[in-house]
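The values are calculated or read from the model by the stated rules, or taken from the named source; none is laboratory data. Computed from a prediction, not measured in an experiment: that's the story for all the values here. Ideal geometry is used to build each Cβ from the backbone, glycine not excepted, and the neighbour counts take in all protein chains shown.
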Number of protein chains: 4
Amino acid sequence: MSKQVANKPYKLVNRSAHPESTVVRVGKHFVGDGSPTVIAGPCSVESREQILDIAEQLKQCGAHMLRGGAYKPRTSPYAFQGLGIEGLEYLAQAREATGLPIVSEVMDTGSLPAACEYIDAIQIGARNMQNYPLLRAVGKTTKPVLLKRGLSATIEEWLMAAEYILNEGNSNVILCERGIRTFETATRNTLDLNAVPVVKDLTHLPIIVDPSHGVGIARYVPAMSMAALAAGADGLILEVHQTPETALSDGQQSLTPLQFHQLMKRVEHYAAFQDSFDTEASLYG
Amino acid sequence: MSKQVANKPYKLVNRSAHPESTVVRVGKHFVGDGSPTVIAGPCSVESREQILDIAEQLKQCGAHMLRGGAYKPRTSPYAFQGLGIEGLEYLAQAREATGLPIVSEVMDTGSLPAACEYIDAIQIGARNMQNYPLLRAVGKTTKPVLLKRGLSATIEEWLMAAEYILNEGNSNVILCERGIRTFETATRNTLDLNAVPVVKDLTHLPIIVDPSHGVGIARYVPAMSMAALAAGADGLILEVHQTPETALSDGQQSLTPLQFHQLMKRVEHYAAFQDSFDTEASLYG
Amino acid sequence: MSKQVANKPYKLVNRSAHPESTVVRVGKHFVGDGSPTVIAGPCSVESREQILDIAEQLKQCGAHMLRGGAYKPRTSPYAFQGLGIEGLEYLAQAREATGLPIVSEVMDTGSLPAACEYIDAIQIGARNMQNYPLLRAVGKTTKPVLLKRGLSATIEEWLMAAEYILNEGNSNVILCERGIRTFETATRNTLDLNAVPVVKDLTHLPIIVDPSHGVGIARYVPAMSMAALAAGADGLILEVHQTPETALSDGQQSLTPLQFHQLMKRVEHYAAFQDSFDTEASLYG
Amino acid sequence: MSKQVANKPYKLVNRSAHPESTVVRVGKHFVGDGSPTVIAGPCSVESREQILDIAEQLKQCGAHMLRGGAYKPRTSPYAFQGLGIEGLEYLAQAREATGLPIVSEVMDTGSLPAACEYIDAIQIGARNMQNYPLLRAVGKTTKPVLLKRGLSATIEEWLMAAEYILNEGNSNVILCERGIRTFETATRNTLDLNAVPVVKDLTHLPIIVDPSHGVGIARYVPAMSMAALAAGADGLILEVHQTPETALSDGQQSLTPLQFHQLMKRVEHYAAFQDSFDTEASLYG
């Protein structure tokens, strides 16, 4: 094991340095404890009514955490940029109403302190995976951090980004595979599920998967969700919207509440299968 | 549906033109009938003893077909190029001994007629996915064809390659996702499991997955095998070798027979789960 | 032309909206005025002596601007992170001594105001191309901005990033192609010179090329520099170090002062060729 | 130098084994002798009249060789597949009329012997770069071979493909960079001009560049042609068609004869510049 430590440029995130898998607590929920975590919600917080209503539905379907963007990194300066602090306020109200911990993206060090007063977990988006001042700043908080893989980041670069956070003292990092950029145009990105067993091998941090961005087309999201869990992911983060066709962002990849409900049934059934197999597997071990 | 036909450049492989999923018969085995097909064997046929021995073990573990390379496309002209017709002869003997149908790669039109006398299914490798004279030639046979996706082929180009085969009259085509080339270097290729639901949506042909080439490292193959099935693949093609460390090619990604046995147990357990869920799912449908 | 405006998501950077090419003034130097601009300097400012000495040599070779990193975005938290404000101070002293305007990277909004007191042009690095809070902040200054293309940014995304800056009121943007990430491993990145004529066609902003990062190996830099100019680039940005083998960062891709001197001779000769041909070309026009 | 031989998997194409640059003779023309070779012609041979007419025009503009496809590898089985042997016959007539040597693609070993009776140089297309039976077959002829780089081939894999040809006894290989597949969609492919100095460093074989396929849009071809020569390429291969808008294939990337004429003027002017500089350069050497 020491050989692996010696060869890799990361130390604190290296599994060799910490063989036991890390479990990250967000509110009262534990990520990486062996049962799949499901984070769900709309791409953007659009209004108070929208987020309170969807949170209630997600809660009833069995989601464990609520996601929603208040600060939106958009390719165009003319696109909806999010409600900002007002959006965080609505998320907090949704947590109050449902008990679901909330995760939301922070894009710069300036808005981090205010955001930390509202949210339970800080999301670092793909575009900011190598925003080192921001990584250092979240590393100085005690909040759990959902660190998305950059669009063209190697697994090693991604783990080095996590290392920046741990190196500041915050080891509550959850990695999130969300698709990489390739030549393929049939899907929005190429979800790299290879990353799941590789990351599990190299690091002790939990990893979840975002099939909504990874494939970018709602009707393919359930299949890729199940594939992510079968690859060994610790959970999923999914976009769900009441009326995807009128969403202010990412409607094409959002599930409806009914589709989410059906997917949750499958996830729960799969979790039971995993448990039964793990017991049975020991018969052959 | 007619709109989809109109928009896509492929006609015969288009699901709109043939809504029912195609089931391809290889020997007495059916690919795409709802239960997962497992094809296994060494990268290269190395000797008569090797292939007869491994075929027997694979059979006992529950494999449905035997793979083995007799003509090997190698990056270097100085690398082992396969046993040629002698390798096919050994494969046929293994089929005789075990009853497993055999699949092997053919690289040019010249060796196709002789190969067809031995093998049950013709593999077209990734490097030859757009070798149109070869596609036309296999299209004129009645043999099932395992068509691997090219290293940097879009899904549309891949389906167009299948269209070449169907256009010659042979509709026994099985697609095989085997990883695409990206910037990531932690794995040999990037297995694109997005392709599974996309292909299922666009075409009626069955699709299997090759996690051995897709990830390239044996210890990650079981996780990616399960992920492929969960994504909806009709089967797997896996490299298995008695002693991977001495294999003449691709040892790094080959499972041992014991690892294969354990993976088969998991595959069978998963198939049972799928069946049980599909029944239960109808309760919510 | 109005059709092009209508089809593209960018407005202010669109050449259709501003047919004349923009010339950006940095100190007393003009970028995009028809003669090639050469920006040169070490990857990192390492000491006062180093930067004053190299600035003097570059000035004598004919460089037009001095580059040097004070804030360094490094993949590893354990690598040299730059001298910070002290580095900017040394750069300013080098400008005083040589008259060369200075360009240096800024990584976050927090350090921007202080940096603006020292530098003549702000570099936005590849990792921050979609750091929207930072783009907005530099858009509110009046400083020229050198906007590097992201590692996996499409040309359209890059122009949209420039649009963020212009949309805040700062139209002094110089685009910089620095190589994209592909599967090729023989070079550090793949310098995408196609981007030069494409950008010239789509936008009125000047574009320079960074062959040091684009190819990543010093002995290939002169060839790619000449190729960039022949493709129509308005200039080059080059890494030069007194002793590349002991550089604190990017030594492998840094030219020595002598290599830089020889390249400048070629650049100047080529500029004269261009002028003579443009005159002669009108004979055939 | 022997160290380089030891580290690289190619031997015969390795510059260390053959420090002098190889000059390949095609008809009476020499490729790699220091002055740029220009190969031009339509994507496809469409008719006798078309090819005789364009050949005459290209000859008058100063082209050195004529290209034209008789066997066309097309993504769709429903697209024009070329005139076959009839097309080769017309090409031979064009050679007779103009004295220009002719180069045309061969796609399989079956049609190679007949093609060799007509053509002066055999083109191996990008899709067949790793078609090893075909590489071996052309290696057994004495014809010059134009070996295009595969769409996602590393430089090393490309040189290994050349090694297959040399290993059979034919060392008349001209490499051809024609763009690689990346995520960028503004251009058809990404012309990798980095490959030019890298290939010149690693091997003794000449290299030419195909900007028509590399960028895929006619108005960007002249800029990329000049960039290729400035990077050190030994020549260009260009698509030219009398009426690109009615071409049976690749019209979007074809120059008109007038555009080709103007480009040739620039190429000739540039060649003179190179010569003058090389003389002058020795003053500083």
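Laid out as a table, the results:
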item	result
Cβ pairs under 6 Å, 6+ apart, first in the range D:139-163 and in a helix (DSSP H, G or I), second among the small types (Gly, Ala, Ser) and surrounded by fewer than 24 Cβ atoms within 10 Å (Cβ to Cβ)	D:Ile155/C:Ala186; D:Met160/B:Ser76
Residue in the range C:141-157 that is within 14 Å of chain A (Cβ to nearest Cβ), basic (Lys, Arg) and under 24 Å from A:Gly84 (Cβ atoms) present	no
Residue match in the range C:30-51 (condition: free of Cβ contacts under 8 Å to residues at least 60 places away in the same chain, in contact with a Phe, Trp or Tyr (Cβ under 7 Å, 6 or more places away or on another chain) and aliphatic (A, V, I, L, M))	yes
Hits in the range B:128-138 - residues which are within 23 Å of D:Arg181 (Cβ to Cβ) and either assigned to a helix (DSSP H, G or I) or basic (Lys, Arg) (or both)	B:Asn128, B:Tyr132, B:Pro133, B:Leu134, B:Leu135
Pairs, first within 16 Å of C:Asp201 (Cβ to Cβ) in the range D:217-231, second of a type in the set (S, T, N, Q) and buried (at least 23 other Cβ atoms within 10 Å of the Cβ), C-beta under 8 Å, six or more apart	D:Ile217/D:Gln253; D:Ala218/D:Ser212; D:Ala218/D:Gln253; D:Ala218/D:Ser254; D:Tyr220/C:Asn194; D:Val221/D:Ser212; D:Val221/D:Gln253; D:Met224/C:Asn194
Residue match in the range D:84-96 (condition: closer than 21 Å to B:Ala161 by Cβ and buried (at least 20 other Cβ atoms within 10 Å of the Cβ))	no
Filtered residues of the range D:162-178 (kept if buried (at least 24 other Cβ atoms within 10 Å of the Cβ), within 12 Å of chain B (Cβ to nearest Cβ) and either in contact with a helix residue (DSSP H, G or I) (Cβ under 6 Å, 6 or more places away or on another chain) or of a type in the set (S, T, N, Q) (or both))	D:Tyr164, D:Ile165
Residue count, the range A:197-219 (criterion: in contact with a strand residue (DSSP E or B) (Cβ under 6 Å, 6 or more places away or on another chain) and within 30 Å of A:Ala17 (Cα to Cα))	7
The lone exception for C:His261 - which of (1) assigned to a helix (DSSP H, G or I); (2) more than 27 Å from C:Val198 (Cβ to Cβ); (3) in contact with a strand residue (DSSP E or B) (Cβ under 6 Å, 6 or more places away or on another chain); (4) of a type outside the set (Lys, Arg) it fails	(3)
Some residue of the range D:108-121 being within 30 Å of C:Asp192 (Cβ to Cβ), touching a strand residue (DSSP E or B) at 6+ places or on another chain (Cβ under 6 Å) and within 13 Å of chain B (Cβ to nearest Cβ)	no
Tabulated pairs, the range D:15-28, first on the phi > 0 side of the Ramachandran plot, second assigned to a strand (DSSP E or B) and among the hydrophobic types (A, V, I, L, M, F, W, C), C-beta under 8 angstrom, 6+ apart or interchain	D:Gly27/D:Met65
Criterion violated by D:Arg266 - all others in (1) at pLDDT below 90; (2) within 21 Å of C:Ala227 (Cα to Cα); (3) crowded, with 16+ Cβ neighbours inside 10 Å satisfied	(1)
Qualifying positions in the range D:179-231 - hydroxyl-bearing (Ser, Thr, Tyr), in contact with a helix residue (DSSP H, G or I) (Cβ under 7 Å, 6 or more places away or on another chain) and surrounded by fewer than 24 Cβ atoms within 10 Å (Cβ to Cβ)	D:Thr187
All positions within the range A:65-107 that are more than 20 Å from A:Val138 (Cα to Cα) and within 14 Å of another protein chain (Cβ to nearest Cβ)	A:Arg74, A:Thr75, A:Ser76, A:Pro77, A:Tyr78, A:Ala79, A:Phe80, A:Gln81, A:Gly82
Residues within the range C:160-180 that are among the small types (Gly, Ala, Ser) and on the phi < 0 side of the Ramachandran plot, tallied	3
Flag if A:Arg127 is in contact with a helix residue (DSSP H, G or I) (Cβ under 9 Å, 6 or more places away or on another chain) and crowded, with 22+ Cβ neighbours inside 10 Å	yes
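Listed here are the residues, each with its yes/no results for (1) modelled with pLDDT of 95 or more; (2) touching an Asp or Glu at 6+ places or on another chain (Cβ under 6 Å); (3) under 20 Å from C:Leu255 (Cα atoms); (4) of a type in the set (D, E, K, R).
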| site | (1), (2), (3), (4) |
| --- | --- |
| C:Ser47 | yes, no, yes, no |
| C:Ile51 | yes, no, yes, no |
| C:Ala55 | yes, no, yes, no |
| C:Cys61 | yes, no, yes, no |
| C:Ala70 | yes, no, yes, no |
| C:Gly84 | yes, no, no, no |
| C:Gly87 | yes, no, no, no |
| C:Gln93 | yes, no, no, no |
| C:Glu96 | yes, no, no, yes |
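The rows are residues; the columns are (1) facing another protein chain (nearest Cβ under 7 Å); (2) charged (D, E, K, R); (3) on the phi < 0 side of the Ramachandran plot.
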residue	(1), (2), (3)
A:Asp234	no, yes, yes
A:Leu248	no, no, yes
A:Ser254	no, no, yes
A:Arg266	yes, yes, yes
